[in-house]
Amino acid sequence: MNFIVVGVIAPLAYFLLRLLIKSVVQNFIINIKKNTKVAEVKECQKCGVFKPASELKRIDSSYQCRKNCSYE
């Protein structure tokens, strides 16, 4: 009887609890990332200043300031 509890039920319970806890933590992290108010910043390839992505335009595969570039 002890073999069944220790050898079968305990590992099964361990993996089920681990799966449950992992999914709860992942959902928690995803919800925190969705609800954050931090702006995504990118670097202007022309002047090197980091600005919010809303203030930059994408040209080819790089980002450049829409206006008031520090390089000019």
Being part of a helix (DSSP H, G or I), modelled with pLDDT of 85 or more and loosely packed, with under 10 Cβ neighbours inside 10 Å narrows it down to one of Ile32, Ile9, Ile4, so name that one.
-> Ile32
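Sort out which residues of the range 39-72 are in a helix (DSSP H, G or I) and surrounded by 12 or more Cβ atoms within 10 Å (Cβ to Cβ), and write them in order of number.
So the first thing to find is which residues in the range 39-72 are in a helix (DSSP H, G or I), and the list is 53-55.
Result: Ala53, Glu55.
The values are calculated or read from the model by the stated rules, or taken from the named source; none is laboratory data. This structure is a prediction, so every number in the text was calculated from the model and none was measured. Cβ: placed from backbone, ideal geometry, glycine included. Neighbour counts: every protein chain shown.
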